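Scroll down for the structure; my scribbles are underneath it.
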Amino acid sequence: MRKIWCFAAALAATTALTVPMVVSSAQPVLAQDAGFYAKAGAPYKGTTIRVLDEITPLQETLSKIVPDFEKETGIKVEWELLNHFEVINKGQADMLSGRGHYDAIMLHGAQLGPMLSAGVIMPLDKFVADPKLSDPGLNAADFIQAPYKTTAFSDGKQYGFINWNYNHVYWARADLLNNPEEKAAFKAKYGYELAPAKTIEQMRDIAEFFTRKKGSTLAGQPLTSDFYGIVLEGIKGGSTFSNLWVNFIENYGGDLLDKDGKPTFDSPQTVAALKMWRELWTFAPPGIAEYSLVDVPTVMGNGIAAQSLAWSDFVLGIDKPGVSPYAGKFVYAPIPAKAGNEAHRHADAEPSVTVISAASKNPEPTFLFLQWLADKKQQDKLIEIGQGGVPIRESSWAAPAITGSTNPTLFAAMKSSLDVATARPKMEKYPEMFDAMSGIAQQVGLGKMTPEQGAKEGQAILVKLCGGKSCTL
Amino acid sequence: MASASETMTAAGPQGAGMRERAWYPYLLIAPSMITLVVVSLAPFIYAIYLSFHEAKFGRVRDFVGFDNYMTLLTDERFWNSIGVATTFVFIAVPIEFMLGLIGALVLNQNVRGRSILIPLLFMPTMMAPIVVGLLWKIMLAGSWGFFSYNVLERFNILGETSIFASPDLALYALIFVDIWQWTPFMMLAFFAGLQALPLGPYRAAAVDGANPVQMFFHITLPMMTPLLAVIGLLRFIDAFKVFDTIYILTNGGPGISTETPSILANKMTFEFWNIGEASALAVLVWIAFFAFCSIFYQVAKKRLNAF
C-alpha cells in the first residue's frame with residue numbers, strides 16, 4: 001500500500017543531500033557500538049543475504065544506513081526495493097515457490113495470514129533464544145507495543161520484528177479551518193466551533209460545509225472549480241476497505257469478525273457506519289471510486305478537498321515546500337472517533353514486518369540483519385536522516401527530528417493512531433475477503449447498494465469464504 | 001530380364017533415398033513443433049492437471065476431481081465475468097466490424113491523401129494496450145481526466161459520479177476504448193481484401209447495368225466473405241480475452257461490473273493464489289471457445305465457403 005512514485009523522487013533528492021553528512025558524522029558512533037554485531041556476525045562474514053523491501057521515502061532513507069551493517073559484520077546485504085505491487089507479487093511468489101532467492105521479504109500485515117497458512121515464513125524463536133545471535137540490548141519493550149505484538153507474533157511464535165508502522169491520520173486544511181469568515185459561518189450553521197474534527201459526526205459536518213460549487217467563495221476567494229469537503233480512498237482493492245472497516249465500522253462499535261473469528265458484519269453498528277460512509281461520499285470528488293491511496297494525497301496536495309483520512313507516510317511526501325502549494329497550511333489530528341464512543345477509538349494501520357523466508361539458506365545472518373534494523377541506534381539514525389519518519393519505537397517520539405519538527409501535529413496524530421493500532425486478523429483467505437468487501441464499500445459509497453444490503457451481502461460473503469468456521473488462523 | 005533387372009536395380013537406390021529423405025520434412029518442422037509443445041501444449045496440459053487438484057499458494061495438494069469446476073460453475077462471480085465478456089464482445093466486435101467495413105469501402109474509393117490517412121488511422125491499433133489504457137485514463141479519469149474535467153463535470157453531466165466509477169457506464173467506456181483501438185485494424189484488413197478483389201466481375205456487372213449497391217451485395221460481399229469470417233473470428237476471440245486495458249482502467253471494478261474471465265483468473269492466481277480454481281476457469285473458457293470455434297468453422301466452411 002505504499003506507492004509514492006510521484007513524491008519519492010522529491011524526498012529522495014532531499015535525503016540524498018543530507019545523508020552523506022549524517023552518515024559520515026555517524027561513523028565514530030558506529031565504531032563504539034560495533035561489539036555485539038561484529039562478534040555475532042563473524043561466523044557469517046563474506047555471506048551475502050538478499051532482502052526485498054518496498055520503495056517509499058522511509059526505505060530510501062533506510063537504504064543509506066544498510067552499508068553500516070556490512071561494515072560492522074562483513075555480511076553483504078543485497079537490498080532490493082520495488083514498488084508496492086511488485087513487492088507483494090515477487091515476494092510471495094518467491095516464498096511460495098520455495099526457491100529462496102530472497103532471504104528476507106517485507107510483508108504487509110495483511111499478507112501474514114495467507115503466508116503463515118502456507119507455512120513459508122520461518123519462525124524466529126530459536127534465533128531469539130540463541131545468545132550468540134540475540135542482541136541483549138534490543139529492548140523489545142521499547143517497540144510500540146500494540147502494532148508489534150499483533151504483527152510480529154502468531155500462535156505463540158515470533159515471525160519478525162516490527163519494521164514499518166504505516167498508519168492513517170486525519171488531515172485537513174488549517175488555512176480554511178482557521179479562516180475567520182468560515183469559522184463564523186460554520187458556527188452559525190452547526191452551533192459549535194470550526195476545528196479539526198474530533199468525531200466522525202464533526203468530520204461529516206465539515207465535509208458538508210466545505211463542499212461548494214465553482215463560482216462560490218472559499219475563505220473569501222471565488223472558486224474557479226468545484227471544491228469538496230472530503231476525499232477518501234474509494235478504489236476497489238488498495239486500502240479502501242481497511243479505512244471503512246477500522247476508521248468507521250470499528251469506531252461505530254461494529255467489526256468484521258467476533259472474538260471467535262466468526263463473521264459479524266451485519267450488525268446495526270456496521271449498517272450505521274455504512275450510512276455515514278455513503279453520506280461522506282456525497283461530499284467527495286466525483287472520481288472517488290477511482291481514487292487509490294496515491295490519489296488521495298494528490299487531491300489534498302492540489303487543494304481540491306478540505307479534509308481526508310490518509311496514510312501518514314504519504315503526508316510526509318506531500319506537506320513540504322516545493323511539492324504542494326499548500327505545504328505548511330495543513331493540520332493533522334487523530335482519527336475521529338464516534339461521538340459517545342471516544343473511549344473505544346480505533347485507527348487504521350498496516351504495521352508490517354520483514355520476515356525470513358522458510359526457504360532461506362542464510363537464516364542466521366538474515367536474523368542478525370533484521371534485528372540490527374530494529375535496534376534503537378539504527379532507528380534513531382533513520383528518524384534523524386529522514387527528518388522524521390514513522391517510528392516503531394516509543395523512544396523515537398522523543399527524537400529531536402520529531403520534537404523539533406515544523407509539523408508537530410502530524411507526529412502527534414501518528415502517535416495517537418499508533419497507540420491503538422493493531423495488525424489485521426491473520427486470515428488465510430484475506431485477499432479474497434478484502435477484494436469482495438472493497439467492492440461492497442464501493443457500491444455502498446456510490447449509492448448502488450443500500451447500507452443494509454451491503455452489510456447483509458458482506459456477511460454472506462464472509463460466511464461463504466470461511467465455511468462456517470473461524471476466519472482466522 | 002535385363003531391363004527388368006536394371007529397373008529393379010535402379011528402383012532400389014531411389015526407394016532407399018526416398019525413405020532416407022522421409023524424415024526430412026519432420027526435421028524441418030521439429031523446431032517449431034518442439035517450441036509449440038514446450039511453450040503452449042505442456043503448460044496447457046499442466047493447467048488441466050492443476051484444475052483437478054487443490055492447488056493453493058503454489059502447492060499442489062490433493063486430487064479433488066471436478067470440485068474446482070463445480071465451485072466455479074456455482075459461483076455467481078464466474079457467471080458475472082462470462083456475462084461481462086459476452087456483453088463486451090457482442091457490442092464491441094459488431095460495431096468494429098461494421099465501422100471497419102464502411103471505412104474500408106470509403107478508403108477503396110481512391111480518396112485523396114490515402115497514403116497519409118492509412119498510417120494515421122492505424123495508430124490506435126499500433127499502440128500497446130497498456131498505452132491505450134493510460135491514454136484513456138488520462139481522458140476519462142474522475143476529477144482530473146481531461147474529458148471528465150472539461151466536459152462531464154463542467155456541465156454536471158454525470159452528477160456525483162464519474163465514468164469509471166459508475167457500474168452502469170464503466171463497461172460501455174471500455175467497449176468504446178476497444179472500438180477506438182480495433183476499428184482501424186478491421187478497416188485496414190478489409191481494405192487489403194478489397195484491393196485484392198479481381199476487377200473482371202465488376203466490369204461484367206457494369207456492362208449488365210448493375211448499380212454500386214447491387215455490386216456490393218452480389219460481388220463484393222460474397223468474394224469478401226472468407227476474409228470477413230476469418231477476421232471476425234480472430235477479433236471475437238481476441239476481444240473475449242481482453243485484459244490489459246481493463247486492468248489499467250478499472251481492474252474489474254466498480255464492484256465486479258467490468259470483471260472479465262481474464263481479470264478474474266488473474267485475481268484468482270496472483271491475489272488469491274487459488275491456482276486450482278484459476279486453472280479450472282482457464283480450461284472452461286478454453287472448452288467454450290473450442291466448441292464455439294468448431295461450430296463457427298463448420299458453418300463458415302459450408303455456408304460461407306470460408307477457410
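Quick look at the numbers
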read-out: Hull volume in cubic angstrom per residue (convex hull over the Cα atoms of the range B:43-202); value: 216 Å³
read-out: Shape of the range A:61-168, Cα gyration tensor, a/c cut at 1.5; value: rounded
read-out: Relative compactness, the range A:303-439, computed as alpha-carbon Rg over 2.2 N^0.38 Å; value: 1.26
read-out: DSSP-defined antiparallel bridges as percent of all bridges, chain A, nearest 5; value: 70 percent
read-out: Calculated Rg and Dmax of the range A:239-331 using C-alpha coordinates, Å; value: 15.7, 50
read-out: Loop sites in the range A:116-211: chymotrypsin sites (Phe, Trp or Tyr not before Pro), DSSP, at most 11 other Cβ within 10 Å; value: A:Y192
read-out: Principal-axis tilt of helix A:180-190 within chain A, Cα atoms, nearest 10 degrees; value: 70 degrees
read-out: Whole-percent pair-distance distribution, where bins are 5 Å wide, for the alpha carbons of the range A:250-294; value: 5, 20, 20, 16, 17, 14, 6, 1
read-out: For the range B:248-307 and the range A:33-66, distance of Cα centres in Å; value: 46 Å
read-out: Inter-centroid distance (Cα atoms) of the range B:138-215 relative to the range A:233-285, Å; value: 41 Å
read-out: A:A93-B:T225 pseudo-label distance in nm [points 7 Å out on the Cα-to-Cβ vector]; value: 4.7 nm
read-out: Aspartates and glutamates whose Cα lies under 12 Å from that of A:K361, excluding same-chain neighbours fewer than 8 positions away; value: A:D103
read-out: Longest to shortest principal axis, alpha-carbon extents of chain A, angstrom; value: 71, 55, 35
read-out: Of the trypsin sites (Lys or Arg not before Pro) in the range A:395-438, those whose Cβ has at most 14 other Cβ within 10 Å and which sit in DSSP loop; value: none
read-out: Rg(Cα) / (2.2 N^0.38 Å) computed for chain B, rounded to two decimals; value: 1.36
read-out: With Cα atoms, 0 to 90° folded angle of helix A:5-32 axis to chain A main axis; value: 40 degrees
read-out: Loop sites in the range A:201-251: trypsin sites (Lys or Arg not before Pro), DSSP, at most 10 other Cβ within 10 Å; value: A:K213
read-out: For the range B:26-131, convex hull of alpha carbons as volume per residue, Å³; value: 224 Å³
read-out: Alpha-carbon Debye profile of the range A:139-285, log10 I(q)/I(0) at 0.13, 0.14, 0.16, 0.22 Å⁻¹; value: -0.77, -0.85, -0.99, -1.38
read-out: Within the protein assembly as shown, helix-based [θ] at 222 nm, where runs of 4 or more DSSP H residues each add -39,500 (n - 2.57), nearest 500; value: -16500 deg cm²/dmol
read-out: Greater than 24 Å apart at Cα, pairs in A:K149/A:K429; A:K39/A:K381; A:K149/A:K259; A:K183/A:K213; A:K376/A:K426; value: A:K376/A:K426
read-out: For the range B:179-292: span of alpha carbons on each principal axis (Å, largest first); value: 67, 29, 20
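Readers should treat all values here as calculations from the given coordinates under stated rules, not as data from a laboratory. Here the structure is a predicted model, which is why all the values come from computation and not from measurement. Backbone-built Cβ (ideal geometry, glycine too); neighbour counts: all protein chains shown.
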